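Presented below is the structure to which this report refers.
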Amino acid sequence: MKTKWIACGLLAAALGLGAPVAQAEPGVSKTAIRIGQSAGVTGPVAGSVKEQIAGAQVYLKTVNANGGVGGRRIELVTYDDGFDAKRTPDNVRKLVQEDKVFALFMVRGTPQNESILPIIQAEKVPLVAPLTGAITLHRPVSRYVFNVRAKYQDEVARAINHLATTGMSRIAIFYANDGFGQDVFEGFSTALQARGIQPAASASFARPMGDIQAGVTAINKSNPQAVLVIGSGSEAARLIKELRRGGSQAQFVTLSNNAADSFIKELGEDARGLIITQVVPGTNSSQMSIASEYRSQARQQGVEPSNAGMEGFMSAKVLVEGMRRAGPDLTRERLVGALESLRDYDLGGILISYSPTRHTGSSFVEMSIVSSTGKLIR
């Protein structure tokens, strides 16, 4: 599997980046720009990761077909970490020190991104569009980390507001006991306190997921009206299935990290009525031109558009715009400066802004629900 996912990048290296040409920066030649990624191509988030990569590649292929960036093709080298944060640093060190990538892109997961922050700082290599909404990637601001999506805590606040305005006050949470889950739990507690609501119940699970029966029992015993399910991919699917099997009739809510067609398919009948917060526009949006742009380019390439793919597409647009603005003499520091100069850059209905003191590109959050036919409705 690893060979399959990096083959394209290595072939590109053999054809262009490996040639003996003068380079101003690692990963930059006269003909190509090499970008690196570590993500769970296998493991619990494999389905959504593949959709995200496919979405990014839709945009990158379109850019490459039209001359690339300053005449340079963009090549993406992806290494599989199996969604295991212990493997991510080795992948990133290899990408930076051996593959000599120019920048990192769409590294997936909260503990995974947290584990590579020291490497990013030491190597001074930009990371664009980490696939996490963790507050630790936003605060304190890291010079080399540029978030595209909104924060998880923004998603949680929006979800709590929605539930409360529909009359729900008994709200529980079942979350991963790591940096990701603890970040969300903090946002959950803050949002409830702001409304004077006490949590109905809370339970957590360790990764890798083992026996969750005690947590399932504790949540169901509290008879909540709604449950926030905070896990990734197959983890969240298992939580929902086990809670339902235990008799829960609660409204389930999960976050944008599970906004993938593969996740909904894995849930099957249990997906009906599930609320999923979103940080990107829907693929069928008629109000945002980025949606029609993504649909058109994807179908031209024979790729099925998806919600997770939309995040990849949007992230790739930000990366490419930053490199374009950095100019023909492309360096990592010039990419940082170019991104920090973005003000209200319109992706097609979503505005992206950065500054030296703010590396949170978008605050866009909206709600969606899975219909009886398994489709996401916004």
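The values are calculated or read from the model by the stated rules, or taken from the named source; none is laboratory data. What you are looking at is a predicted structure, and each value in this text was computed from that prediction instead of being measured. Cβ atoms come from the backbone with ideal geometry, glycine included; neighbour counts cover every protein chain shown.
Here are the numbers for this structure:
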{"item": "Given (1) within 18 Å of Gly109 (Cβ to Cβ); (2) over 24 Å from the mean Cα position of the chain (by Cα), number of the condition Leu243 does not satisfy", "result": "(1)"}
{"item": "Residue within the range 124-133 that is touching a residue at least 60 places away in the same chain (Cβ under 8 Å), assigned to a loop (DSSP other than H, G, I, E, B) and closer than 23 Å to Lys61 by Cα present", "result": "yes"}
{"item": "Some residue of the range 103-116 being modelled with pLDDT of 95 or more and farther than 25 Å from Glu235 by Cα", "result": "yes"}
{"item": "The listed residue being of a type outside the set (S, T, N, Q), at pLDDT 95 or above and not in a helix (DSSP H, G or I), out of Arg143, Arg158, Arg207", "result": "Arg143"}
{"item": "Candidate set from the range 48-99 (those that are hydroxyl-bearing (Ser, Thr, Tyr) and within 23 Å of Met314 (Cα to Cα)); member that is farthest from the chain's Cα centre (by Cα)", "result": "Thr62"}
{"item": "Conditions (1) surrounded by 19 or more Cβ atoms within 10 Å (Cβ to Cβ); (2) under 22 Å from the mean Cα position of the chain (by Cα); number of the one not met by Glu321", "result": "(1)"}
{"item": "Residue selected from the range 278-297 under the condition hydrophobic (A, V, I, L, M, F, W, C) and in a loop (DSSP other than H, G, I, E, B), by the criterion farthest from Leu376 (Cα to Cα)", "result": "Met288"}
{"item": "Pairs where the first residue, in the range 77-101, is assigned to a helix (DSSP H, G or I) and the second is of a type in the set (D, E, K, R), C-beta under 7 Å, 6+ apart", "result": "Thr88/Asp81; Asn91/Asp81; Val96/Glu123"}
{"item": "Residue in the range 148-165 that is under 23 Å from Val320 (Cα atoms), out of contact with any Leu (no Cβ under 9 Å at 6 or more places or on another chain) and surrounded by fewer than 24 Cβ atoms within 10 Å (Cβ to Cβ) present", "result": "yes"}
{"item": "When residues of the range 15-43 are limited to those that are under 26 Å from Ile119 (Cα atoms) and modelled with pLDDT under 95, the one surrounded by the fewest Cβ atoms within 10 Å (Cβ to Cβ)", "result": "Ala22"}
{"item": "Pick from the range 336-359, criterion among the aliphatic types (A, V, I, L, M) and under 21 Å from the mean Cα position of the chain (by Cα), ranking: surrounded by the fewest Cβ atoms within 10 Å (Cβ to Cβ)", "result": "Leu351"}
{"item": "The range 324-335: number of residues that are assigned to a loop (DSSP other than H, G, I, E, B) and either more than 18 Å from Tyr144 (Cβ to Cβ) or under 19 Å from the mean Cα position of the chain (by Cα) (or both)", "result": "3"}
{"item": "One residue from Arg299, Arg324 being of a type in the set (Lys, Arg), touching a strand residue (DSSP E or B) at 6+ places or on another chain (Cβ under 7 Å) and either in contact (Cβ under 8 Å) with a residue 60 or more places away in the chain or on the phi < 0 side of the Ramachandran plot (or both)", "result": "Arg324"}
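Residues checked against (1) within 30 Å of Val148 (Cα to Cα); (2) assigned by TED's automatic domain parsing to the domain that holds Gly47:
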residue	(1), (2)
Ala218	no, no
Asn223	no, no
Leu228	yes, no
Gln249	no, no
Ala259	yes, no
Asn307	yes, yes
Glu311	yes, yes
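Yes/no matrix, rows are residues, columns are (1) under 23 Å from Glu51 (Cβ atoms); (2) buried (at least 20 other Cβ atoms within 10 Å of the Cβ):
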position: Leu76; (1), (2): yes, yes
position: Asp81; (1), (2): yes, yes
position: Arg87; (1), (2): yes, no
position: Val92; (1), (2): yes, yes
position: Val96; (1), (2): no, yes
position: Ser115; (1), (2): no, yes
